[in-house]
Amino acid sequence: MDKKKNGFASGIGFVLAAAGSAVGLGNLWGFPYKTHDNGGAAFVLVYVACVLLIGVVTMMCEIFIGRRAQANPVSAFKKVGKNVGWLGVLAVLIPAFIACYYSVLGGYTVRFTVNSFAGNAGTFIPFAGSGLAVVIYTAVFIGMALVVVMAGVKGGIEAASKVLMPVLFLILVATAIFSLSLGEGVKEGLTFYLKPDFSKLSGTGILSAMGQAFYSLSLGMGAMIAYGSYTGKEINLVKSTAMICLCDTAVALLAGFAIFPAVYHYNVIHGSSAGAFQGVGLMFQTLPLVFEDLGTVGKIISFFFFAMVGIAAVTSVISLLEVVSQFIIQKFRVSRKKAVSVLALICFAVSIPVGISLGQVLGGKEGAITVFGQNLLDLFDIITNTVLMPVCAFFSCVTIGWILGPKKALGEMAEDGQKLGWFAPIFAVMVKYVTPLLIAAIEIFGVYDLIFPKNAEGLRIFSSNGLGITLCAYGLLAIGVILYFVFLRNTACGTNADEEA
Ligand code: PHE
């Protein structure tokens, strides 16, 4: 396994790129509001346990699957077993879907960054519903990711991550320090964040922590397989995995320190709630109010804060585009430039209705574009995040735990100079039993919750829309499987060596 011209040049470059994929809107936005809704520190504890029990092992499997094949996810899964290659198709389809909606949110962050000095407070709903502006900002955002991916793994992804990730971290630490120094309300915010309230943590909360850990670490969608394939012997599997998981978790925890004190500060001063901690509201409605309240300093903080969120989002979309591009480049033997531009164009085209639909629904417009009662962004998110990603991650563990077998996997790792030491027996048990079982639980309860959601009184009721979405997602999975067995199983799908310089 010598160094490929299109691989990562250094171990730290790989870790930063993978951390760039992992650190995203999930950490800076999803984590704080889910923590708020599920009993503060109680949720945080469960989350950290999930990272350790599910995240670490799954990530090691994915990086290993990619690395041993030095190829795209389809070829990589094929190398484990010809009949599990369809997982690779899933691992390429999922990021394509995510890229289409994630870029809309990425576009929002660009707009909120550049609009910081004019003031973002109260502009969210009009902006989101504006149509054209959303489309333009989404295009700018995708353009940034495109430039990086086009420049290749070493010259683009690695180089960008090495600059952007430290910048992100510095801004986040600075924002957290600033937020902690606001005085009034800080104590209340910290108490809420750090004092576990287990009475608010329900079964759904625990599942939400599991799903969050998953999504946050970019597992179950090919990113770690693709990035892993660009590494060789020089990278220590266990250490790299530990560092990526640590970075991702640290950023999520720090985001809590940046957001809770600031929002509570605002609430205490105004004797009211700044607005929901809920989903889209927290990032684009509540925080702009908090920033506005801080005057000129607030504008500067707003600029850096949203730039940081934008950086987090763009490094994630870069990984999404890379997974799909890698497959296209290697399977169809086209140049990176061609593959990336066509892909980015398709993503952009799909992101247009997604952005418009979300804006319409947020603005409460009648006749808004929805499918199964959801705006297109949430629809895509549920299909990938709730239904398909756990399937993909489950099988990543199962292929190593049951098809290749931990013995063979550990043997291969040792041959590669990767001795797991005391972790080896733990890994063997986890990858076979513990981790797949936990992931299966996420899948089963996630789908159950989709088809039988709780109504306002907390009773479970049947949702035909939920069933529709579930069928849609599994239908997509079925299409992936068929495509694989008809077109890909018996033809070569290429490796990293097939990318022309
Ligand atoms: N991990 C990213 C986040 O936390 C989201 C993501 C998921 C990015 C899957 C790429 C792939 O926001």
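The values are calculated or read from the model by the stated rules, or taken from the named source; none is laboratory data. Note that this is a predicted model, so its numbers are computed, not measured. Note that each Cβ is placed from the backbone with ideal geometry, even for glycine, and that neighbours are counted across all protein chains shown. In case anyone asks, the SASA skips ligands and DNA or RNA and just uses the protein heavy atoms, side chains included. Shrake-Rupley method; radii C 1.70, N 1.55, O 1.52, S 1.80 Å.
The table below gives the values:
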{"read-out": "Meets criteria (under 28 Å from V74 (Cβ atoms) and either open to solvent by 20 Å² or more (accessible area, probe 1.4 Å) or at pLDDT 90 or above (or both)) for Q326", "value": "yes"}
{"read-out": "Residue list for the stretch 346-393, restricted to those being open to solvent by 50 Å² or more (accessible area, probe 1.4 Å), under 30 Å from A440 (Cβ atoms) and not polar (S, T, N, Q)", "value": "V371, F372, G373, D378"}
{"read-out": "Inter-residue pairs, beta-carbon under 8 Å, first under 15 Å from G107 (Cα atoms) and in the stretch 292-319, second within 12 Å of the ligand (Cβ to nearest atom) and outside any helix (DSSP H, G or I), 6+ apart", "value": "A312/V23; A312/G24; A313/G24; T315/V23; T315/G24; S316/V23; S316/G24; S316/S218"}
{"read-out": "Among (1) closer than 30 Å to V334 by Cβ; (2) surrounded by fewer than 12 Cβ atoms within 10 Å (Cβ to Cβ); (3) hydrophobic (A, V, I, L, M, F, W, C) - the single one A456 does not satisfy", "value": "(1)"}
{"read-out": "Selection count where residues are more than 10 Å from the ligand (Cβ to nearest atom) and closer than 12 Å to L217 by Cα, scope the stretch 20-34", "value": "0"}
{"read-out": "Number of the exception - I383 against (1) closer than 17 Å to I136 by Cβ; (2) under 16 Å from the mean Cα position of the chain (by Cα)", "value": "(1)"}
{"read-out": "Of the criteria (1) outside any helix (DSSP H, G or I); (2) open to solvent by 10 Å² or more (accessible area, probe 1.4 Å), which one Y33 fails", "value": "(1)"}
{"read-out": "Listing of helices (runs of 4 or more DSSP H) fully contained in the stretch 375-430 that carry 3 or more residues being small (G, A, S)", "value": "406-415"}
{"read-out": "Test for K337: is it at pLDDT 95 or above, farther than 23 Å from C472 by Cβ and of a type in the set (K, R)", "value": "yes"}
{"read-out": "Elements of type helices (runs of 4 or more DSSP H) in the stretch 216-321, at least 1 residues being within 16 Å of the ligand (Cβ to nearest atom), of a type in the set (F, W, Y) and on the phi < 0 side of the Ramachandran plot", "value": "223-229"}
{"read-out": "Qualifying residues in the stretch 264-281 (those that are in contact with a Phe, Trp or Tyr (Cβ under 8 Å, 6 or more places away or on another chain) and open to solvent by 40 Å² or more (accessible area, probe 1.4 Å)) - the one modelled with the highest pLDDT", "value": "Y264"}
{"read-out": "Condition check for L343: within 24 Å of A160 (Cα to Cα), under 24 Å from the mean Cα position of the chain (by Cα) and open to solvent by 10 Å² or more (accessible area, probe 1.4 Å)", "value": "yes"}
{"read-out": "Cβ-Cβ under 7 Å pairs, at least 6 apart or on other chains, the stretch 145-169 side basic (K, R), far side part of a helix (DSSP H, G or I) and surrounded by 17 or more Cβ atoms within 10 Å (Cβ to Cβ)", "value": "K162/G13; K162/L16"}
